[in-house]
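The structure appears below as structure tokens.
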Amino acid sequence: MDLKVAYAQKDFTRQGTFEGRANAAGTHLYLWRPAESKWATIAWCRFVDLRADSFTFDAIPDRLALTAYSASTGLMNRDSSVSGQNVQQIQATLNEPMILRVAALSKQYQGRGRNLSYGLAHSGGTLEQLNGPSLSVACQAPGGTITASSSVRIECTAWNNGDMIAINPRIQLWTAAGALVSTVTMPSLVAGQAATASMNWTTPATGGTAKLNAQIFSDSFGISSSNQGSLSIEVTAPFVPFRVKGFYISQSLPTGCNVPVANSSVSAAVANVYAWASVDGVNTGDAPIIDFIAPNGSIYASYPQGRSTSPGSFCLSQGLQIAGSAAASMPGTWSARLRWNNSVVATNNFILIAVPTVKFAVRDLVVTLNVLSNCATPVTTNFVSVSAATVNGWFFVDGANTGDVGVLEFLSPDGRCLAACPWVGFPLLAVGAGVDPCRLQEVERQAVLACGICDCAGTV
């Protein structure tokens, strides 16, 4: 065929259109079985753009490229992509079937949505339009139990469902977190062919469902083809025998599962004492219980911790109230006990030290005309005028207990009781306006000392 005559007469064997090509480049593929000479030509119309800024005509052709590849190896043989032209021509050198690729390379007319038509002429033989490779992949793990931290061989099968060969496709295996496991390059896949490749994967250190993603891709004849698949694998957690790593008694709890500071003895004045345990090899449904055993050997309190909802390693703790509870009055050697599924697996002892007591005694008892604040000892008055409005009795005691009641009596010279003033407040049962700060402080501390005031009129 005379290509010059063919072009002049627009005697093209094939015609194609890139629709809306102004917004994205496109590619068309043809299988060419050439005759003796191996010439191929494409031609297309140039669009002329009226530039709004300069009001001048500027001929700007959309750019196409023509490339020939070996149909068996995918290697490029000839290429023509000269800019500023609307004709591209090549002369191939291979004596075998080839792939002709017509590619739209430019984007001069963005937003205009114009279609670009072209004609393709060749020097003989047959020409068949193709769609290209179409790849897919599926992977599977071996059967049976898959354990944690083990090496597993993953089998992946690739398919080419297109109408032309996929040159050396590659399969990559990724974890769900995005870490690359392996890459394998496969032999070229002809249309309709499938092939299998193997990759090794190390399972996670913990059990559960692990997900892997597989991707297959190929660059053939200047175009890319890709696809992906995924698989989920059940990984069995390694067997860990049950054991108690630590069982401690402490006056305070740390954050998280940090080991607390151990206490072998605690004061009965502390708010709480805690039993803390760390265990391995827990199974779903296990039922732990923490007991506190009093010095007399009886179970003072028992606290079920609830059934575990998953296997693994855990820490657990339980507090026991001391101050303000019956436990504060039970000094001696206590025990904390951890039961697991009703079997005792750990015990620990601690000594509960009683709060020291002070023997009751009257430290001071004075008669005074003036009472000072803050329980300061007033000036003793030995002689009182009959014209004095008030005389006060002031006392100071040690070892007072909650609920004690004192009575301050004023006696006449002949021994008669002139006034009996009850004073409730060792420490004070109620705190009202005008209460001495010393007394208020002692109330809060449940102190062992208190002072009271009573006048002849019986007013506290």
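The values are calculated or read from the model by the stated rules, or taken from the named source; none is laboratory data. Note that the structure is a prediction, hence the values are computed from the model and not measured. Ideal geometry is used to build each Cβ from the backbone, glycine not excepted, and the neighbour counts take in all protein chains shown.
Give the stretch 320-374 a look and list any residue that's part of a strand (DSSP E or B), surrounded by fewer than 16 Cβ atoms within 10 Å (Cβ to Cβ) and at pLDDT 90 or above, or say none.
Within the stretch 320-374, Gln321, Gly332, Thr333, Ser343, Val344, Thr347, Asn349, Ile351, Ile353 meet the criteria.
For the condition touching a residue at least 60 places away in the same chain (Cβ under 8 Å), of a type in the set (S, T, N, Q) and in a loop (DSSP other than H, G, I, E, B), what is the one hit in Asn263, Asn258?
Residue meeting the stated conditions: Asn263.
Could you list, in sequence order, all residues of the stretch 205-232 that are surrounded by fewer than 19 Cβ atoms within 10 Å (Cβ to Cβ) and aliphatic (A, V, I, L, M)?
Answer for the stretch 205-232, where residues must be surrounded by fewer than 19 Cβ atoms within 10 Å (Cβ to Cβ) and aliphatic (A, V, I, L, M): Ala205, Ile223, Leu231.
Here's the yes/no breakdown for (1) in a strand (DSSP E or B); (2) at pLDDT 90 or above; (3) under 33 Å from the mean Cα position of the chain (by Cα):
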| residue | (1), (2), (3) |
| --- | --- |
| Ala138 | yes, yes, yes |
| Ile154 | yes, yes, yes |
| Met164 | no, yes, no |
| Leu173 | yes, yes, yes |
| Gly178 | no, yes, yes |
| Thr183 | yes, yes, yes |
| Trp201 | yes, yes, yes |
| Lys211 | yes, yes, yes |
| Gln215 | yes, yes, yes |
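From the list Gly111, Gly84, Gly124, which residue is outside any strand (DSSP E or B), in contact with a Ser or Thr (Cβ under 9 Å, 6 or more places away or on another chain) and either at pLDDT 90 or above or not assigned by TED's automatic domain parsing to the domain that holds Gly222 (or both)?
Numbers: Gly111 fails: in contact with a Ser or Thr (Cβ under 9 Å, 6 or more places away or on another chain); Gly84 fails: in contact with a Ser or Thr (Cβ under 9 Å, 6 or more places away or on another chain).
Sole residue among the options that is outside any strand (DSSP E or B), in contact with a Ser or Thr (Cβ under 9 Å, 6 or more places away or on another chain) and either at pLDDT 90 or above or not assigned by TED's automatic domain parsing to the domain that holds Gly222 (or both): Gly124.
One line per residue, one yes/no per condition, for (1) farther than 22 Å from Val266 by Cβ; (2) free of Cβ contacts under 8 Å to residues at least 60 places away in the same chain:
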{"position": "Asp280", "(1), (2)": "yes, yes"}
{"position": "Pro311", "(1), (2)": "yes, no"}
{"position": "Gly324", "(1), (2)": "no, yes"}
{"position": "Asn348", "(1), (2)": "no, no"}
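For the stretch 229-243, how many residues are part of a strand (DSSP E or B), over 11 Å from Thr147 (Cα atoms) and under 27 Å from the mean Cα position of the chain (by Cα)? So that I can check it myself, show each step before the final result.
If we filter the stretch 229-243 for residues that are part of a strand (DSSP E or B), which is where we start, we get 229-236, 243.
From what is left, the residues that are over 11 Å from Thr147 (Cα atoms) are 229-232, 243.
From the residues that got through so far, the ones that are under 27 Å from the mean Cα position of the chain (by Cα) too are 229-232.
So the count comes out to 4.
Please find, among Ala148, Ala166, the residue that is under 30 Å from Arg63 (Cα atoms), assigned by TED's automatic domain parsing to the domain that holds Ala214, touching a Pro at 6+ places or on another chain (Cβ under 6 Å) and in contact (Cβ under 8 Å) with a residue 12 or more places away in the chain. Write out each step before concluding.
Details: Ala148 fails: under 30 Å from Arg63 (Cα atoms).
Being under 30 Å from Arg63 (Cα atoms), assigned by TED's automatic domain parsing to the domain that holds Ala214, touching a Pro at 6+ places or on another chain (Cβ under 6 Å) and in contact (Cβ under 8 Å) with a residue 12 or more places away in the chain holds for just one of Ala148, Ala166, which is Ala166.
In this structure, is Leu320 under 30 Å from Gly208 (Cα atoms), touching a strand residue (DSSP E or B) at 6+ places or on another chain (Cβ under 8 Å) and of a type in the set (A, V, I, L, M)?
On the way: under 30 Å from Gly208 (Cα atoms): no; touching a strand residue (DSSP E or B) at 6+ places or on another chain (Cβ under 8 Å): yes; of a type in the set (A, V, I, L, M): yes.
The answer is no for Leu320.
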